[in-house]
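The values are calculated or read from the model by the stated rules, or taken from the named source; none is laboratory data. This is a predicted model, so every value here is computed, not measured. Ideal geometry is used to build each Cβ from the backbone, glycine not excepted, and the neighbour counts take in all protein chains shown.
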Amino acid sequence: MLNRLKNKKGFTLSETMAALLILSLVIVLTGGGVIVVKNAYQRITLKANAQVLMSTTITKVNDEFKYAKEVNTTVDPKDSSKTYTTFVSGNSNLKTAFKNDTRKGIELYYIYGDNVKTTQLLSNKTMTDGMIPSITYDYSTSDKLFIATITIKKGDSTISTQELKVRPIDY
Amino acid sequence: MLSTIIKEKLAKDNGESLAEVLISVLIIAVGLVLLSSLVVASSRMVNNSDTKMSKLYSTQNSIESRDSASVTKATGSTKITITGESSKSNLTVNPKITIYTDKDSGTVSYVKE
């Protein structure tokens, strides 16, 4: 071993070049493979998390619509230019509407008299990977049906969209 | 023990045999194939669950909206009678229940009229 360390003979240029070529090929192939697998993994994780988020959002929204009473159109007491489709929530017994926030996602907007209160529908920990759900909804008086569209977005790109129809039990 | 083996290996001039190299390459290749198959399998599972979820929500929507294109209303004369005893007299209730079935999935929903 000591002899090998003391040996002053090096490698020839062609040996070094060949070694470098093989090494770089191995690195490029491995690196490329790792990047492809990592991208696929991220895509799958995002899709799976989006499904979980969509399912949770639908459960929460469905719960509100199912036990809704007295559906109306209400003018926002804080901004008269805005109107909401409101309903009396079976959970809180308050006049409620769904509102969208670009950072907090879907919010429950409680209107009582001239006062309003906003609560996040889903906690921040539920909205993983920077995904934000949003909702558009309406109530069809003739069909007695809430028709909502829930969209999950990450930045500007839409990850998934789902239509939801709910018939309130008591209304 | 391990350090002695490494020292001996370094002191020797001969390298790995072709068989050793081939076996190690084979082990690495098998590992990589297994890892990539995990990714492919999970991708397939996510896609399958996506399809199932969409079908479930679409069925739920059809049932909720009683959409005549995909939901059929059961016809028949079968009566359900609930009988019970109250403190004063026997109690018989004939609830009117309509049964809706989704054509595609066969999911059934009961609605008390």
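Numbers for the structure displayed
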read-out	value
Residues that are touching a helix residue (DSSP H, G or I) at 6+ places or on another chain (Cβ under 9 Å) and more than 30 Å from B:VAL111 (Cα to Cα), drawn from the range A:154-171	A:LYS154, A:GLY155, A:ILE159, A:SER160
Positions within the range B:42-55 being more than 8 Å from chain A (Cβ to nearest Cβ) and closer than 17 Å to A:THR149 by Cβ, in sequence order	none
The listed residue being within 12 Å of chain B (Cβ to nearest Cβ), at pLDDT 95 or above and surrounded by 10 or more Cβ atoms within 10 Å (Cβ to Cβ), out of A:THR57, A:THR30	A:THR57
Subset of the range B:57-88 (residues that are closer than 26 Å to A:ALA48 by Cα and either part of a loop (DSSP other than H, G, I, E, B) or modelled with pLDDT of 90 or more (or both))	B:TYR57
Failed item, numbered, when A:ILE147 is tested on (1) away from every other protein chain (no Cβ under 14 Å); (2) aliphatic (A, V, I, L, M); (3) under 30 Å from B:LYS55 (Cα atoms)	(1)
Failed criterion for A:LEU122 (all others in (1) free of Cβ contacts under 8 Å to residues at least 60 places away in the same chain; (2) away from chain B (no Cβ under 14 Å); (3) in a loop (DSSP other than H, G, I, E, B) hold)	(1)
Qualifying residues in the range A:134-153 (those that are out of contact with any helix residue (DSSP H, G or I) (no Cβ under 9 Å at 6 or more places or on another chain) and outside any strand (DSSP E or B)) - the one surrounded by the most Cβ atoms within 10 Å (Cβ to Cβ)	A:LYS144
Number of the exception - A:TYR67 against (1) surrounded by fewer than 15 Cβ atoms within 10 Å (Cβ to Cβ); (2) hydroxyl-bearing (Ser, Thr, Tyr); (3) closer than 21 Å to B:GLU64 by Cβ	(1)
Scan of the range B:11-21 for residues that are exposed (fewer than 11 other Cβ atoms within 10 Å of the Cβ) and assigned to a helix (DSSP H, G or I), ordered by number	B:LEU18, B:ALA19, B:GLU20
